[in-house]
1. Being in contact with a helix residue (DSSP H, G or I) (Cβ under 9 Å, 6 or more places away or on another chain), closer than 30 Å to residue 88 by Cβ and in a loop (DSSP other than H, G, I, E, B), is that true of even one residue in the stretch 282-298?
2. Of the conditions (1) in contact with a Leu (Cβ under 7 Å, 6 or more places away or on another chain); (2) assigned to a helix (DSSP H, G or I), residue 259 fails just one. Which one is it?
3. With respect to residue 142, determine if the residue is at pLDDT 85 or above and within 20 Å of the chain's Cα centre (by Cα).
4. Looking at (1) assigned by TED's automatic domain parsing to the domain that holds residue 40; (2) closer than 22 Å to residue 44 by Cα; (3) aliphatic (A, V, I, L, M); (4) under 21 Å from the mean Cα position of the chain (by Cα), which is the one condition that is false for residue 95?
5. Being under 29 Å from residue 138 (Cβ atoms) and surrounded by 12 or more Cβ atoms within 10 Å (Cβ to Cβ) narrows it down to one residue among 225, 198, 186; which is it?
6. Kindly check whether there is at least one residue in the stretch 266-274 that is under 17 Å from the mean Cα position of the chain (by Cα), of a type in the set (A, V, I, L, M, F, W, C) and surrounded by 16 or more Cβ atoms within 10 Å (Cβ to Cβ).
Amino acid sequence: MELFFFFLISLLLVYSIYFGIWTLAYKTKENVTGMRPSLPPGSFGWPIIGETLQFIVAHYEGTVDKFVSKRATKYSSKVFKTSLLGENFIVFSGAAANRFIFSNDNKLFARWRPPSVQKLFPSMKFVPIEHDAAKAKKFMSLFFKFSEAQKLVASIDSISRNQLKNNWEGKDEVKVHPLVNIYTFTLVCHLFLSINDTEKVSKLLYHFNHLNEGILSIQLSIPGTPFYRAIKAAEALRKEIYLIIKERKEALAKNLASPTQDVLSQMIAVPFDDGFMPELEIADKILAFLIGGQDTTTATITFAMKYLAEMPHLYNEVLKGIF
């Protein structure tokens, strides 16, 4: 039962991965078209750096929610303006505000890529974000369409058992978040790239953690900064993915791999409206999928385990609802 619950959370969240990098940020359509919008209360902070330092401190202390709630209280509004990482932002907080954003996608709001993301993912400079999101949605839909549920359940169950056996069983104490991070990355590597080699997964995870830490950092390409490490990590990851793409193309040509076995095969074998994707775009999309599915999935499973451990009666209710 525990493994099934673990799998259920993972599967539901993996299906939402195509939202990841594509819905990273929004700008109002008025802003995109150059018209000056009416701004909510708030402060842009210091010139250039804005309120970035306060946000970074909150991030490392794990109190981003307090960063938001403090300003929402100060301005008596769940919508306020601020400036982070050299960009002006409007922050929406609360269920109603988020519902307003997502119900007005491509109406009052347009998707937007921060400059740091464009620099780390070169192919995104040449592909309109709506077109990019459509591709992402298509390939994720194809993956779940052609993947047999029984095989998916068996694969995820096997990975879950191995992770629990190797990292959890027999331990007096475990740090949940780092271990769940390894679990989710192992899972997405299997689902998207058919990688099952633990050493290769560990190598990719090492670079991936540096990329994830610097993707929304201050754009200082100086050795030692998070953004510089993210640039180097993205280059190293693309190099590894290029090798995997080359091997997969050879396997597909020799009928040693299936065009529908994972997301990578489908990106190689299935054309979009503008033809087959170049390798750079494939590599960037794979990285975007990994980012989209990693932090959100890891955080959700970690919090689910935390709250279920603190309130075991809810755990029993969840199991009753499932079975």
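1. no
2. (2)
3. No: the conditions fail for residue 142.
4. Failing condition for residue 95: (2).
5. 186
6. Scanning the stretch 266-274 turns up no residue that is under 17 Å from the mean Cα position of the chain (by Cα), of a type in the set (A, V, I, L, M, F, W, C) and surrounded by 16 or more Cβ atoms within 10 Å (Cβ to Cβ).
Table: residues versus (1) within 24 Å of residue 263 (Cα to Cα); (2) assigned by TED's automatic domain parsing to the domain that holds residue 178; (3) among the polar types (S, T, N, Q); (4) at pLDDT 90 or above.
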residue	(1), (2), (3), (4)
215	yes, yes, no, no
221	no, yes, yes, no
226	no, yes, no, no
243	yes, yes, no, yes
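The values are calculated or read from the model by the stated rules, or taken from the named source; none is laboratory data. The structure presented is a predicted model; accordingly, all values stated were derived computationally and were not measured. Cβ sites come from the backbone with ideal geometry, for glycine too, and all protein chains shown count toward neighbours.
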